[in-house]
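Engineer: Got a structure here, written out as structure tokens. Questions coming.
The values are calculated or read from the model by the stated rules, or taken from the named source; none is laboratory data. Just so we're clear, the structure is a prediction, and the values are computed from it rather than from any experiment. Here Cβ is always computed from backbone atoms with ideal geometry, including for glycine, and neighbour counts include all displayed protein chains.
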Amino acid sequence: MPEALDQRQLLERAAKTLLDPQGQAIARAVQWWDLPNACGQTNEPWPVAVLGSGPPVLLLHGFDSSHQEFRRLSPLLSAHAQLFIPDLYGFGFCPRPEGGNYSPVGVLRHLEAVLDAVLERSGAKRVGLIGASMGGSAAVELARRRPEQIERLLLLAPAGLTGKPMPVPPLLNQLGARFLALPAIRRGLCRSAFAQPDRDVGPAELEIASIHLRCPNWAPALAAFAGSGGFGGCGLPLPSQPLEVLWGANDRILQGKPKADAAVLLGERITELSDCGHLPHIDLPGTVVRTWHG
């Protein structure tokens, strides 16, 4: 595993050296916010990419990912909206203090602090919300907690809406984090997320899929989140706000029973996309933008 670096220095370097120019651009858009209510274990600032102007939209990435997940969507969506893209607590380029609550509780506490800051900075009373994969469950939970401040939701292949939390036992969670750091495993996971991996997955995508692993305490935080059980069974009750869902027909991450159960829960809210994998915002960003703008 590569040497750990300070997350801020690592991101500043990424803004200049990433192979993907869209990855560089969204990294340059990251601001470091003071969020006093986000976590009691650190006074360090928190990364939030801010792009565009217009109605505010909060975007939430998936498991073991970062704001980089929205690198292809943000240039299109930011033409008519102001985007706020935080790294979720315990993930991406966030600080990971020892003793942090790396669980859905910690993720949502941080997101509520982010939402308060977004409302204050944008001057808006309500924001739109887009959540991808695990970020879909976080979006649903946040919308239920803040119904007056979340206007509508778009979920992209949401994970964790059905089923139940599945805590990984001690030691196994640590071994799992080490396993996920192996280059061959990262490469396999990255390929499985794309509809056409032979065509679309190259050095630039593999670099982005792994760069945040170099942040301090990446493995302990990931292990702690796995030990918490993560997000599960978050779909009921569905939030009262308008909700749409995009799901790739070629999704190899969420398939079988989890996808079938989610289809029962979400019903006609789902639009299935052909030639699309687990990441509609990567495979078909234009479709996501058109869906959002209606």
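Engineer: Could you check region 189-201 and list, in sequence order, the residues that are farther than 18 Å from Gly230 by Cβ and either of a type in the set (A, V, I, L, M) or under 19 Å from the mean Cα position of the chain (by Cα) (or both)?
Structural biologist: Of everything in region 189-201, those that are farther than 18 Å from Gly230 by Cβ and either of a type in the set (A, V, I, L, M) or under 19 Å from the mean Cα position of the chain (by Cα) (or both) turn out to be Cys190, Arg191, Ser192, Phe194, Ala195, Val201.
Engineer: Now for a different question. Of the residues that make up region 119-135, is at least one in a helix (DSSP H, G or I) and crowded, with 21+ Cβ neighbours inside 10 Å?
Structural biologist: Filtering region 119-135 down to residues in a helix (DSSP H, G or I) leaves 119-122, 134-135.
Remaining after also requiring crowded, with 21+ Cβ neighbours inside 10 Å: 134-135.
Yes, some residue in region 119-135 is in a helix (DSSP H, G or I) and crowded, with 21+ Cβ neighbours inside 10 Å.
Engineer: Using beta carbons and a limit of 9 Å, which pairs, at least six apart or on different chains, have the first residue in region 29-44 and within 12 Å of Asp116 (Cβ to Cβ) and assigned to a strand (DSSP E or B) and the second one modelled with pLDDT of 80 or more and not β-branched (Val, Ile, Thr)?
Structural biologist: Trp33/Pro45; Trp33/Trp46; Trp33/Pro47; Trp33/Pro86; Trp33/Ala113; Trp33/Ala117; Trp33/Arg121
Engineer: Separate question: Looking at region 72-92, which of the residues that are part of a loop (DSSP other than H, G, I, E, B) and within 12 Å of the chain's Cα centre (by Cα) is farthest from Ala223 (Cα to Cα)?
Structural biologist: Asp87
Engineer: In region 172-211, which residues are acidic (Asp, Glu) and within 20 Å of Cys94 (Cβ to Cβ)?
Structural biologist: Passing the criteria: only Glu207.
Engineer: Now, a different point. Take Ser122 and decide whether it is of a type in the set (Ser, Thr, Tyr) and touching a helix residue (DSSP H, G or I) at 6+ places or on another chain (Cβ under 9 Å).
Structural biologist: When the stated conditions are applied, Ser122 does not pass them.
Engineer: Determine whether Gly188 is surrounded by fewer than 20 Cβ atoms within 10 Å (Cβ to Cβ), closer than 28 Å to Arg290 by Cα and free of Cβ contacts under 8 Å to residues at least 12 places away in the same chain.
Structural biologist: Answer is no for this residue.
Engineer: With respect to Leu155, determine if the residue is within 27 Å of Gly277 (Cα to Cα) and part of a loop (DSSP other than H, G, I, E, B).
Structural biologist: no
Engineer: Could you please find all residues in region 64-82 being surrounded by 24 or more Cβ atoms within 10 Å (Cβ to Cβ) and basic (Lys, Arg)?
Structural biologist: Of everything in region 64-82, just one residue is surrounded by 24 or more Cβ atoms within 10 Å (Cβ to Cβ) and basic (Lys, Arg), namely Arg71.
Engineer: Looking at (1) out of contact with any strand residue (DSSP E or B) (no Cβ under 6 Å at 6 or more places or on another chain); (2) surrounded by fewer than 24 Cβ atoms within 10 Å (Cβ to Cβ); (3) at pLDDT 95 or above; (4) not charged (D, E, K, R), which one does Pro170 not meet, given that it meets all the others?
Structural biologist: Every condition holds for Pro170 apart from (3).
Engineer: Taking the conditions exactly as written (surrounded by fewer than 16 Cβ atoms within 10 Å (Cβ to Cβ) and within 30 Å of Val289 (Cα to Cα)), does Gly202 satisfy them or not?
Structural biologist: yes
Engineer: Please verify whether Glu205 is touching a residue at least 40 places away in the same chain (Cβ under 8 Å) and of a type in the set (Asp, Glu), treating the condition exactly as stated. Explain how you work it out, then say what you get.
Structural biologist: Working: touching a residue at least 40 places away in the same chain (Cβ under 8 Å): yes; of a type in the set (Asp, Glu): yes.
Judged against the criteria, Glu205 is a match.
Engineer: If you take just the helices (runs of 4 or more DSSP H) that sit entirely in region 203-267, which of them hold at least 1 residues that are at pLDDT below 95 and more than 20 Å from Ser65 (Cα to Cα)?
Structural biologist: Qualifying helices (runs of 4 or more DSSP H): 257-266.
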